[in-house]
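Data block below; observations after.
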């Protein structure tokens, strides 16, 4: 499945990015959805956070008739030059193999999405190959980022282009009738790039936000943390602006997902976040375009240590705590299914009057 390639932006510039603003979700709709939940024959707040989350979706969509029937996960795929430094068990060649499997719906996210009726939209935004990958939307900025230990990962222009690519994808998907989108990613080395961005944005110790990724040894983890810390110091990233941090030590997948988050806010499409990579993109999006976070829905905590600080900074509390570390958008797909289950109660509601008992009162 491919979204339209129609461009909505004539220029990719820092100035254009800086001028973007977002509206507030419709809080009148938010309150109406909550009142509807109160009328359902159940204990008050019986569906817990799913009542407020569905109200948030209604406020974003601008209707109390909340609908997420047409849904997709946008999977940003890119390679990272920092892999040269031995910060991962796998080499860059694995990214291409997994992306090809995604295109055939043979990866974990493809199987899960197919099971629940969601589309998968894999995007080549920076895979290190000149090959055209069948079934993958080609939005390549460059063949992987540079090794940020030696030089900045991207130019600011490349980072901005990737951000606007994500924005355009959301616009195109909305035109096709998608009511909700989830985020996913694939790229060997992206827990290193995301940890570097997180440590810089949060101005915290690298060890607090850097984990073992896809299963590093204790020795390799120390090596990974050392490279990130040295690079942050080299480029003086503590206190730097978000775009500069992203371009210097980030990844094209993170930049693309940053754009997806911003696009959700611009075009009033709720965005379900996956794990730590998506959360880093969410914080970048909020720093670049304040107010974006009100259009984002967290899914799961994952295993990477950065999640705790990122969710606290954003005020987005994940629902699922399954110690997952797969990526690809698998946690976000699980969250979509949970939201659908909650909406099955809301959309086909049985009221107190239907069963002829007194309604609970809110005190």
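The values are calculated or read from the model by the stated rules, or taken from the named source; none is laboratory data. It should be emphasised that the depicted structure is a prediction, and the values quoted were computed from it without experimental measurement. Positions of Cβ are backbone-derived with ideal geometry, glycine not excepted, and every protein chain shown enters the neighbour counts.
Kindly indicate which of 91, 166, 58 is farther than 22 Å from residue 192 by Cβ and either assigned to a helix (DSSP H, G or I) or in contact (Cβ under 8 Å) with a residue 12 or more places away in the chain (or both).
Criteria check complete, one pass: 58.
Of the residues 280, 260, which is modelled with pLDDT of 95 or more and either closer than 20 Å to residue 213 by Cβ or surrounded by fewer than 24 Cβ atoms within 10 Å (Cβ to Cβ) (or both)?
Residue meeting the stated conditions: 280.
May I ask you to say which residue of 331, 302, 322 is modelled with pLDDT under 95, closer than 30 Å to residue 103 by Cβ and surrounded by 17 or more Cβ atoms within 10 Å (Cβ to Cβ)?
302
Rundown of residues vs (1) buried (at least 22 other Cβ atoms within 10 Å of the Cβ); (2) part of a helix (DSSP H, G or I); (3) out of contact with any strand residue (DSSP E or B) (no Cβ under 8 Å at 6 or more places or on another chain), yes/no style:
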site	(1), (2), (3)
96	no, yes, yes
102	yes, yes, no
105	no, no, no
111	no, yes, yes
124	yes, no, no
131	no, no, yes
144	yes, no, no
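The rows are residues; the columns are (1) under 30 Å from residue 244 (Cα atoms); (2) modelled with pLDDT of 95 or more.
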position: 16; (1), (2): yes, no
position: 32; (1), (2): no, yes
position: 63; (1), (2): no, yes
position: 83; (1), (2): yes, yes
position: 89; (1), (2): yes, no
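Which residues, taken from the stretch 133-142, are assigned to a loop (DSSP other than H, G, I, E, B) and free of Cβ contacts under 8 Å to residues at least 40 places away in the same chain? Step through it out loud before you land on a result.
Of all residues in the stretch 133-142, those assigned to a loop (DSSP other than H, G, I, E, B) come to 133-136, 139-142.
Result: 133, 134, 135, 140.
Would you check which residues across the stretch 281-303 are in a loop (DSSP other than H, G, I, E, B) and either within 26 Å of residue 173 (Cβ to Cβ) or over 15 Å from the mean Cα position of the chain (by Cα) (or both) and list them?
289, 290, 291, 298, 299, 302, 303
This table checks each residue for (1) closer than 15 Å to residue 51 by Cβ; (2) in contact (Cβ under 8 Å) with a residue 40 or more places away in the chain; (3) under 14 Å from the mean Cα position of the chain (by Cα); (4) not in a loop (DSSP other than H, G, I, E, B).
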site: 324; (1), (2), (3), (4): no, yes, no, no
site: 328; (1), (2), (3), (4): no, yes, yes, no
site: 332; (1), (2), (3), (4): no, yes, yes, yes
site: 336; (1), (2), (3), (4): no, yes, yes, yes
site: 339; (1), (2), (3), (4): yes, yes, no, yes
site: 346; (1), (2), (3), (4): yes, yes, no, yes
site: 349; (1), (2), (3), (4): yes, yes, no, no
site: 356; (1), (2), (3), (4): no, no, no, no
site: 359; (1), (2), (3), (4): no, yes, no, no
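For residue 78, which of the numbered conditions (1) over 18 Å from the mean Cα position of the chain (by Cα); (2) more than 20 Å from residue 116 (Cβ to Cβ) fails to hold?
With (1) over 18 Å from the mean Cα position of the chain (by Cα); (2) more than 20 Å from residue 116 (Cβ to Cβ) applied to residue 78, the lone miss is (1).
So that you can scan it fast, the table gives a plain yes or no per residue for (1) part of a loop (DSSP other than H, G, I, E, B); (2) out of contact with any helix residue (DSSP H, G or I) (no Cβ under 6 Å at 6 or more places or on another chain):
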site: 170; (1), (2): no, no
site: 173; (1), (2): no, yes
site: 188; (1), (2): yes, no
site: 200; (1), (2): no, no
site: 215; (1), (2): yes, yes
site: 221; (1), (2): no, yes
site: 279; (1), (2): no, no
